Every structure is written in C-alpha cells, then in structure tokens.
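The values are calculated or read from the model by the stated rules, or taken from the named source; none is laboratory data. This one's a predicted model, so the numbers in the text were calculated from it and none came from an experiment. As a convention, Cβ positions derive from the backbone with ideal geometry for all residues, glycine included, and neighbour counts pool all protein chains shown.
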DNA sequence: GTCTATATATTGATAGAC
DNA sequence: GTCTATCAATATATAGAC
C-alpha cells in the first residue's frame, strides 16, 4: 500500500515489497495470485478505509455540512504539507497511472471515487436549503472531487502548497456565490455560454 | 511521446520504442543518454507544442477571451471522446506518475503547467473589466487548469464524458456568477468561511 | 549515425522442501 | 504457511563493427 502510494504501481517491484514486509516470495504468492492481484486488494482496502481515515476525522472537526466539505479538503492539505508535497491522493495517482490493461483495478478506482463523492454529496444534501434550487448536487460533488485532485496534482508538480490553496480558495468563492445566490431576488442566471460575436 | 502518453513512462520499455520507431538501440542511445533523457526531450517538446497544438486551435474557433478558455477545455473534451476516455492530458499523467526520483522531469512538467496557465491568464486579463475587481486572475487560471486536469481524471476513471462535462458545467456556472457579480450593486461577498456554530 | 550482439541486473512468478 | 532456490523473460544500456 505504502509503495504503490509513494512510488506508483509500475515503479514498485515485488522484491521491494517482500523486503519491506520481511517475508519471502512464497508467502506473498500464497495469498495473492499476482502483483496485480495485490493491487486490487490494496484498492479494496482503500474503499474500506475511506470513512475511518478520510471522512470521519474531517466530520469530527466541524458540524456544518458545507464546512465539513472544506474540512475534508483540509485533510488533503495536511497530507501535502506533511509529506512536503510528495504524497497527494493515492487513488488519483493510480487513476492516471493505470490504463486499459488493468481493467479490474480501474473499476475499483472508480468505486473509490464514487464513495468519496457520496460522502460529499451527503453534506450537500444536508445543506440543500442553503443552495440554489437549481444546483445539481451530484455534479457539485463531482466538481469538488475534481478540484481536490487537480489541486493536489498542481501542488505536487510545483512543490508548493500555493496551488492547492488557490484552488480551494476559488472553490470557497464559488460556494459563497452559490450561498448568496440562494437569497438573491434577481432572476436566475443563464447556464449556457453567451452568444458568440 | 505516444507511448509515454498512452502507457505511461514506467510501463513503456525502450524495446517497444525501438520497435515502433523502426530503429535499433544503438541509434536511440546515440541521441539520448538514457530513457529518462528521452523523457526530458519529450517534455521539452510538449512545451514547444503548447500553442500550436493546444492553444491556437482553440483561439481560432472563437474571439471572446472567456469563450476562448472554454474552447481550450473543449479541445480536451474532443481528445477524451476521440480516444474513448483513455487519453487525457499527457502532462497530468506524468505529473502524478513521476515522483522525487525524476527531479528534472518534474521541473519540466511544472514548466508545461506554467505555460498553459499563462495562456489562460492572457484571456482572463483581456476580460479583466468584465470580472470582479477582487478576482485574482492568477489563481483563477490555476483553478481552470485544476478543473481541467481533475475532470479529465474523472472521465478516464469512469470511462464516460459525463464527469468532465459536469466539471466544466460547474466552472461555467462559476464564471456566470463572477461575470454577474461584476455588475452587482450589492456589497462584496466575504471570502472567508462563515463563523462556526 | 546505424547496425548486431551482448552485458548485467532485475522483473514477476513458480516448485517443492519443510 | 513460509522457506530456499530458481525459472524464463525482460529491463536498460554498452561495445564495437560498419
């Protein structure tokens, strides 16, 4: 789990895993058919750990549903800071590394994302009466995951927390506008692009 | 370039590259010191190709600076559709695959991101008078890159264009709110989180 | 500049004793 | 269930003829 997170799947050799675990190859292959099979188990474990490791710690820090979303993002910020911008999101890393040839792994990655989004959507649903009636909370949850993953990518690429903070800041601004829009007396805004010149 | 894009760096062997190029290893190593050196050349090439391959085609389709931003995003949408959600952004892929051990590559990746953001920022600067005075256009450009990369990741992970469209739709909504805010007569919105209960 | 041939190390995985 | 020993394939890279 650690190696796949820090080095990636392809860049991690079975030999490294064995050495770190202090076991021999016979033991590993007694439990796992292959390296890819081990990856599937790791991804399954991430699914199981989502609430205990990611969601619950954030939700405990705050009660307000909207602030809980930003508390989850703050968790990823802590991870970036702690690892000096080397870590990020293990699922996002694998999502971009693994392609068609690892079909099962990609399915489990998608399931991880779905779980994350569902947690965020619970928050949005709780705050539904503060959001504009037109807000698509499913899409909004997708957007939040996207901003997190993209922000983490930029912070890792630049070795700085600034990109992540910039992205979360813009997301915060978006939410402030959405929450204000709810109480606005003006007409709803058009959702499409303006007419071309 | 193609292999690193489609398969990733670690998953691509030098032997594959040689076969596809129709040359032998002596030729490759005559020009490039190592596989990593070839990667650096590829990343340099991406920097050179940014405007001709990504920005200019989008800018030609439309004149309005804001719409030009969404035209760039539309280009990535086309890429996703054309490759059946397998491709995405070659820089983003490498950004998450390569870690500390490829320091030079990571610098070139960051340079690629900077170039992309500068193109977007040019658009935002052109549209400065339509945006709120308080809008940080540098951060906004970072946000747009982040949404693109995150949206591409989600669409690849789910094998569907829906996530990308959802993210771009939310970004569009954000812009509509920003553009409307510019003309609003109300007080500026607070940028920070609301007080905790 | 490109070729062939090859070096050396490491890859994921297996067999079979214990 | 864990061990040792080892497989066959592949990895990146090099040497030296042409």
Practice problem: Could you tell me whether any residue of the stretch B:30-53 is within 14 Å of chain A (Cβ to nearest Cβ), surrounded by fewer than 13 Cβ atoms within 10 Å (Cβ to Cβ), away from DNA strand C (no atom under 16 Å from the Cβ) and modelled with pLDDT of 95 or more? | Solution: no
Self-check item: Residue, farthest from the other protein chains (Cβ to nearest Cβ), within the stretch A:13-29, restricted to residues that are near DNA strand C (Cβ under 6 Å from one of its atoms) and in a helix (DSSP H, G or I)
Solution: A:26
Exercise. Say whether the condition of being free of Cβ contacts under 8 Å to residues at least 24 places away in the same chain, surrounded by 16 or more Cβ atoms within 10 Å (Cβ to Cβ) and within 16 Å of DNA strand D (Cβ to nearest atom) is met by at least one residue in the stretch A:71-87.
Key: no
Quiz item: outside any helix (DSSP H, G or I), surrounded by fewer than 15 Cβ atoms within 10 Å (Cβ to Cβ) and either more than 7 Å from chain A (Cβ to nearest Cβ) or at pLDDT 95 or above (or both): does that describe residue B:191?
Solution: no
Quiz item: From the list B:113, B:3, B:59, which residue is in a helix (DSSP H, G or I), farther than 30 Å from residue B:127 by Cα and free of Cβ contacts under 8 Å to residues at least 60 places away in the same chain?
Solution: B:3
Exercise. Mind listing whichever residues of the stretch B:89-105 are touching a helix residue (DSSP H, G or I) at 6+ places or on another chain (Cβ under 7 Å) and more than 7 Å from chain A (Cβ to nearest Cβ)?
Key: B:89, B:90, B:91, B:94, B:98, B:102, B:104, B:105
Quiz item: Is there a residue in the stretch B:140-163 that is surrounded by fewer than 19 Cβ atoms within 10 Å (Cβ to Cβ), more than 10 Å from every other protein chain (Cβ to nearest Cβ) and farther than 22 Å from residue A:97 by Cβ?
Solution: no
Quiz item: Taking residue A:101 and the conditions (1) part of a helix (DSSP H, G or I); (2) within 26 Å of residue B:7 (Cβ to Cβ), which numbered condition does it fall short on, given that it satisfies the others?
Solution: (1)
Self-check item: Given (1) within 16 Å of DNA strand D (Cβ to nearest atom); (2) surrounded by 14 or more Cβ atoms within 10 Å (Cβ to Cβ); (3) in a helix (DSSP H, G or I), index of the condition residue B:10 fails
Solution: (3)
Exercise. Looking for whichever is closer than 25 Å to residue A:83 by Cα, within 10 Å of DNA strand C (Cβ to nearest atom) and within 14 Å of chain B (Cβ to nearest Cβ) here; the options are A:9, A:5. Which one fits?
Key: A:9
Exercise. Tell me which residues, restricted to the stretch A:55-69, are out of contact with any helix residue (DSSP H, G or I) (no Cβ under 7 Å at 6 or more places or on another chain) and either under 17 Å from residue A:173 (Cα atoms) or within 14 Å of chain B (Cβ to nearest Cβ) (or both).
Key: A:60, A:63, A:64, A:67
